[in-house]
Amino acid sequence: MKFAARLKPSKAVLAITTTLLIFGAGSYLLGWSSLLTVKQIEITGAPTVKSEREIAKSLDLSIGDKLARVDSRALANRLNAIDWIESADISRNWLDGKVAVNLQVRTPVALYTELGKPQVALDASGISFQLPGQIPDGLPRVSSSSVASGLIAIEVFTQMPKEFSAGIDRLAAVSPTNIVINGKFNGRKLQIVWGDSEDTSLKLKVINALLDRPENKSIRLIDVTAPHAPIVK
């Protein structure tokens, strides 16, 4: 009887065996079982049906893929590399097998054209991108003759308060120090010779002060290249 008692497995062995069985069962469920697989892929935020299809293709996910092998972070990074996507969030639901892809699309605030290159959209942070689908009407146009001038034009535009930039029809950068703005301000069409990208706040104060003066109700041009000595015509 004493010899038989020695053959009984110890508590430690039982615990290790149980742990291995649980681990093995869990690994099987995660990596091989058909219970925890992708059963639905939902994409929200894509601006067009075509762009939604392109996103689905770039994800390279299929119904039946193992949920455990869906790398949400890697897939989100892949989508964030697309210029018109501001952010992408990807989540997995272990209960119903749904992979949810939520996209935040960049909002265009202007259209940018550099000499000899296709027109692109521009967001409030100054990032240019190709927005799939139709570009909204009424966006101001930013143009330049060079990369350096274009960067300055974008900097000036993004520094302006929305209540002012909303009135801009066209913003042209002939050179980094020669920026010209055309638009409608205080209900009248104006051309503003802006100059360089310096003193944005001061130039805006000067422009608003000049527009408030009754004697300037018929002006069509304001030159604030030198904001301390503005010129009106």
Starting from the Kirkwood radius over alpha-carbon pairs of the stretch 40-105, derive D by Stokes-Einstein at 10 °C in a medium of 1.306 mPa s and give it in µm² s⁻¹. 133
Here are some pairs, Lys117/Lys205; Lys57/Lys162; Lys57/Lys117; which of them have Cα atoms lying more than 30 Å apart in this structure? Lys117/Lys205; Lys57/Lys162
Quick one: order Trp94, Trp84, Trp194 by neighbouring beta-carbon count within 10 Å, fewest to most. Trp94, Trp84, Trp194
Selection from Ser197, Val174, Ile219, by position along the positive dipole direction of the stretch 110-232 (Cβ): Ile219
Protection proxy ranking, peptides 118-125, 168-175, average beta carbon neighbours within 10 Å, highest first: 168-175, 118-125
Mind giving me the nanometre distance, one decimal, between the label points for Asn216 and Lys39, set 7 Å out from Cα along Cα→Cβ? 6.7
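Estimate the FRET efficiency between Ile63 and Gln119 by the formula 1/(1 + (r/R0)^6), using the beta-carbon distance for r and 30 Å for R0, to the nearest 0.05.
Values: r = 39 Å, r/R0 = 1.29.
Efficiency at R0 = 30 Å is approximately 0.20.
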Those GluC sites (Glu not before Pro) in the stretch 150-209 that DSSP places in a loop and that have at most 16 other beta carbons within 10 Å: Glu198
Nearest-0.05 FRET efficiency for Asp137 and Arg78, computed from C-beta distance (R0 45 Å): 0.90
Net charge around Ala76, counting only other residues with Cβ within less than 14 Å of its Cβ (Lys, Arg = +1; Asp, Glu = -1)? -1
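Using a Förster distance of 22 Å, how high is the FRET efficiency between Glu155 and Val193, based on the Cβ-Cβ distance and rounded to 0.05? Intermediate results must be reported in sequence, preceding the final value.
Values: r = 17 Å, r/R0 = 0.78.
Working from the Cβ atoms, E equals 0.80.
Read the figures in this text as sums done on the coordinates, not as results from a lab. What you see is a predicted model; the values in this text were computed from it and never measured. Here Cβ is always computed from backbone atoms with ideal geometry, including for glycine, and neighbour counts include all displayed protein chains.
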